[in-house]
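Everything on this sheet refers to the single structure shown next.
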Amino acid sequence: MNKRDKIIFYVVVFFILIPGAISFLIKIGSYFMVEVEEGMSGFALPFFNYLFVALGFVALFVWAYLEGHFRDIERPAIEMLEREQRYEEEFLKGGV
Amino acid sequence: MKSEQDSIINYDLVYAHIVASIVLLAVVFLAGMLYSLQFLHLYPFPGIEFLSPGRVRTVHTNGAVYGFIVNGFTAALYWALPRLTGQRVMNEKYLGWFMFIALQGAVAATAIGILAGDSQAIPWGETPWYVDPFIVVWLLLALVQFTTPIYKLANKEPLYAANWYMIAGLVWIPMVYIMGNYVPVFFVPGIAGAAITGTWIHDAVGLYVTPIGWGLCYYFIPVILKKPVWSHALSLLGFWGLAFFYPLQGVHHYLWSPIPMYAQYAAVLSTIVLELAVVSVIVNFMMTLKGRAEALKESIPLRWIYVGIINYAITCFQCAIQVLLTTQKVIHYTDWVVGHAHLIMYGTFGFWIMGFISYLWPKVNHSETYSKALDEWAFWLLLLGMELMWVDLLAGGLIQGFTWWSLSPWMDSIRYSFPFWIGRTASGTLMSIGLCFYIYNFYKTGRKKTVSLIHAHEVGAGGGVR
C-alpha cells in the first residue's frame with residue numbers, strides 16, 4: 001500500500017468500520033434482550049439464523065486472509081481489467 | 001471456431017433474461033400508471049375485483065423486484081461472472097434454461113395470484129404462499145449456479161471486489177426470503193412477526209439488490225472507463241462492512257410501534273452508522289471517475305450507472321434522516337416513503353440495470369445501438385420524470401404528515417394531496433414516454449442484429465456468434 005492508500009485505509013477503519021462494529025454490537029445486544037420481552041420471543045428465530053450466516057462470513061474472511069487474498073490488495077482490480085481486455089479483443093475479432 | 005469467451009458465456013441466456021427484464025419493466029410501468037390514476041378518480045377498471053387498484057399496485061411492486069430487477073441482474077451476472085472469473089457458470093444448457101423458465105413462471109404465478117386476491121399480508125412479500133417455495137428453490141439454484149465460477153477462481157487467485165459482493169448477495173437472499181416470507185405468516189404472529197417483516201423489507205434490498213448491484217457496478221464501471229477502480233482496498237472494506245453490519249437493519253421500519261424502544265433506538269443508531277460505510281463505496285466510484293469524467297458525455301450506459309450512484313447517495317442520506325424518531329412523526333405512512341422507495345428501486349437499481357442493458361444489448365446482438373438520439377431522449381425523460389416524481393412525493397408526503405399532525409380533518413389532507421397526485425401521474429407519464437423511446441431503440445437494435453447477421457452470412461463473414 002502506498003501512503004495515500006494507508007491514509008484512506010485508516011480513516012475508513014477508525015471512522016467507519018469501528019463505529020459500524022460498535023453500533024452493530026449495540027443492535028445485536030438490544031435484539032438479544034428484546035427476545036425476553038412479552039410477545040417478542042419469536043424474534044429469536046431469525047436473530048440466531050442471521051448470526052449463524054454471519055459466522056459463515058467470519059469463516060470466509062479468515063479463510064480469505066489465510067489464503068492471501070488481501071496480501072497484494074490492489075492486484076485483483078488490475079487482473080480483472082487485463083482479463084477483460086483479452087476477452088474484448090477476442091470479441092472484436094469475432095466480427096462485430 | 002469458438003473463442004474463449006464464446007465458450008464460457010451463453011449469449012442466448014443473457015439475451016433471454018434481458019428481454020424478459022425489459023418486457024416486465026413495461027408491465028411494471030403500466031401497473032404503476034394505472035394505480036396512480038386511481039388517486040385522480042380516473043381508474044379505468046372500477047368495480048372489477050381482479051383488476052382492483054390495490055392488487056394492481058402489488059403487481060407493480062412485486063413485478064419490479066422479481067420481474068425487472070432479478071431478470072436484469074441475472075442477465076448481467078451471466079455476462080459479467082464468466083468474464084470476471086474466466087470460468088463458466090455451473091450449467092447453462094439445462095440449469096440455466098430451467099432457471100429462466102422457472103423465474104418467468106414464478107413471476108406469472110405471483111401476478112395471477114395477487115390479482116386473484118391471494119396476497120400474503122407482508123409488505124413487499126405479498127407473493128402468494130404457494131409460490132414462495134419455488135422462489136426459494138430458484139434462489140438456491142442461483143446460489144449454486146453463480147458461486148461455482150467464483151469458487152473455482154478463489155482457489156487460483158485472490159478475488160476481486162465484484163465477486164465478494166456477488167457472494168454476499170447470493171448467500172444471504174435464500175435465508176432472508178425464508179425468514180421474511182414464512183416466519184411471520186406461519187410461526188411468529190404479532191409484534192415479533194412485524195419486526196421480522198421489517199427485516200425482510202430492508203434486507204431484501206440491502207442483502208440482495210445492493211450487493212449484486214454494487215458487484216455489477218464494480219465490473220461495468222472499470223470496464224467502460226478502461227481503468228481500475230480507484231481503491232480496491234476501500235472496496236473490500238465497504239464489502240466487509242456490508243456483510244457484517246447490514247443484517248437485521250429493518251426494525252427501523254416500525255418506529256413508534258410496540259417493539260421495545262431500546263431496540264428501536266439501536267436500529268436507528270446502526271442505520272445511521274451504516275450510511276458511513278455507504279459513503280466509502282460512493283467515494284470510491286466517484287474517485288474512479290476522476291480524470292475520465294468526459295466519458296459520461298459519450299457513454300450512456302456509464303451515465304445511467306453514475307446517475308444511479310448519485311441517486312443512491314441521496315436515498316442513503318435521506319435514510320439517515322428519516323430513521324430519526326422525530327422525522328418519523330411526520331413522514332410515517334405518507335407519500336414521502338413512496339418517493340424514497342421509487343428513488344432507490346428505480347432511480348438507483350433500475351437505472352443501473354438500464355445501464356447494464358444499454359451496454360450488453362448491442363454486444364449480445366453483435367450490433368451497434370440503433371439510435372444514439374433515442375437513447376439520449378430516453379435517458380433524459382426517464383431521469384427528469386424520476387427526479388420530479390421523487391420531489392413531488394416528498395413534498396406531498398410532508399403536506400400530508402403535517403396535516404395529520406395538526407389534527408385537521410382527514411379530508412383536508414386528501415384535498416391538499418390532490419395536486420401532488422396529479423404531479424405523480426404527470427411525472428410517471430414523462431417516464432413512460434422515455435421508456436417507450438428506450439424500448440423502441442432496444443427493439444430496433446435487436447432487429448439490426450438480425451439484418452447484420454444475414455448480411456454477414458451472405459458475404460461469408462465469420463462474425464456474429466450468439
Count, please, the residues in region B:187-219 that happen to be in contact with a Pro (Cβ under 7 Å, 6 or more places away or on another chain) and not aliphatic (A, V, I, L, M).
-> 4
Those residues of region B:302-315 which are out of contact with any His (no Cβ under 8 Å at 6 or more places or on another chain) and open to solvent by less than 20 Å² (accessible area, probe 1.4 Å), in sequence order | B:L302, B:W304, B:I305, B:Y306, B:G308, B:I309, B:N311, B:Y312
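So is B:A263 at the interface with chain A (Cβ under 7 Å from one of its Cβ atoms), closer than 19 Å to B:G190 by Cα, touching a residue at least 12 places away in the same chain (Cβ under 8 Å) and part of a helix (DSSP H, G or I) or not?
Details: at the interface with chain A (Cβ under 7 Å from one of its Cβ atoms): yes; closer than 19 Å to B:G190 by Cα: yes; touching a residue at least 12 places away in the same chain (Cβ under 8 Å): yes; part of a helix (DSSP H, G or I): yes.
Criteria met by B:A263.
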Of the residues that sit in region B:79-107 and are open to solvent by 50 Å² or more (accessible area, probe 1.4 Å) and within 27 Å of B:V59 (Cα to Cα), which one is nearest to the other protein chains (Cβ to nearest Cβ)?
-> B:W97
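Matching residues to (1) over 21 Å from B:V70 (Cβ atoms); (2) open to solvent by less than 20 Å² (accessible area, probe 1.4 Å); (3) part of a helix (DSSP H, G or I):
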position: B:W336; (1), (2), (3): yes, no, yes
position: B:H342; (1), (2), (3): no, no, yes
position: B:W352; (1), (2), (3): no, yes, yes
position: B:W361; (1), (2), (3): no, yes, yes
position: B:S367; (1), (2), (3): yes, yes, no
position: B:E376; (1), (2), (3): yes, no, yes
position: B:G396; (1), (2), (3): yes, yes, yes
position: B:W404; (1), (2), (3): yes, no, yes
Inspect all residues belonging to region B:22-30 and state whether any of them is open to solvent by 20 Å² or more (accessible area, probe 1.4 Å), touching a Leu at 6+ places or on another chain (Cβ under 8 Å) and either away from every other protein chain (no Cβ under 14 Å) or of a type in the set (D, E) (or both).
-> yes
If you scan region B:1-19, which residues turn out to be modelled with pLDDT of 90 or more, closer than 18 Å to B:K93 by Cα and assigned to a helix (DSSP H, G or I)?
-> B:Y11, B:D12, B:L13, B:V14, B:Y15, B:A16, B:H17, B:I18
Count - residues of region B:297-333 that are of a type in the set (S, T, Y) and either closer than 26 Å to B:V223 by Cβ or within 22 Å of the chain's Cα centre (by Cα) (or both) | 4
Could you please find all residues in region B:189-221 being more than 21 Å from the chain's Cα centre (by Cα) and either touching a residue at least 12 places away in the same chain (Cβ under 8 Å) or open to solvent by less than 10 Å² (accessible area, probe 1.4 Å) (or both)?
-> B:I191, B:A192, B:G193, B:A194, B:A195, B:I196
How many residues are open to solvent by 10 Å² or more (accessible area, probe 1.4 Å), more than 14 Å from every other protein chain (Cβ to nearest Cβ) and closer than 26 Å to B:F186 by Cα when one looks only at region B:141-174?
-> 1
Taking interchain pairs and intrachain pairs at least six residues apart, which have beta carbon atoms under 7 angstrom, with the first residue in region B:123-141 and among the aromatic types (F, W, Y) and the second open to solvent by 20 Å² or more (accessible area, probe 1.4 Å)?
-> B:W124/B:T61; B:W124/B:I201; B:W129/B:V185; B:F134/B:A102; B:W138/B:A102
From A:S23, A:S30, A:S41, grab the single residue that is within 27 Å of B:M179 (Cα to Cα) and open to solvent by 40 Å² or more (accessible area, probe 1.4 Å).
-> A:S41
Hits in region B:202-256 (condition: facing chain A (nearest Cβ under 8 Å) and among the aliphatic types (A, V, I, L, M)) = B:V223, B:V229, B:A233, B:L234, B:L236, B:L237, B:A243, B:L248, B:V251
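Take the conditions outside any helix (DSSP H, G or I) and either more than 12 Å from chain A (Cβ to nearest Cβ) or at positive phi (or both) and apply them to B:R292. Does it pass?
Working: outside any helix (DSSP H, G or I): yes; either more than 12 Å from chain A (Cβ to nearest Cβ) or at positive phi (or both): yes.
Considered against the rule, which asks whether it is outside any helix (DSSP H, G or I) and either more than 12 Å from chain A (Cβ to nearest Cβ) or at positive phi (or both), B:R292 comes out as yes.
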Looking at this structure, is B:P184 over 17 Å from A:A77 (Cβ atoms) and surrounded by 22 or more Cβ atoms within 10 Å (Cβ to Cβ)?
-> yes
What are the residues in region B:182-201 that are among the aliphatic types (A, V, I, L, M), at the interface with another protein chain (Cβ under 8 Å from one of its Cβ atoms) and within 20 Å of A:V53 (Cα to Cα), if any?
-> B:V183, B:A195, B:I196
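The values are calculated or read from the model by the stated rules, or taken from the named source; none is laboratory data. Only a predicted model underlies this, so the values are computations on that prediction, with no experimental measurement involved. Reconstructed Cβ throughout: ideal geometry from the backbone, glycine too, with neighbour counts over all protein chains shown. Ligands, DNA and RNA are excluded from the accessible area calculation, which covers all protein heavy atoms including side chains. Shrake-Rupley method; radii C 1.70, N 1.55, O 1.52, S 1.80 Å.
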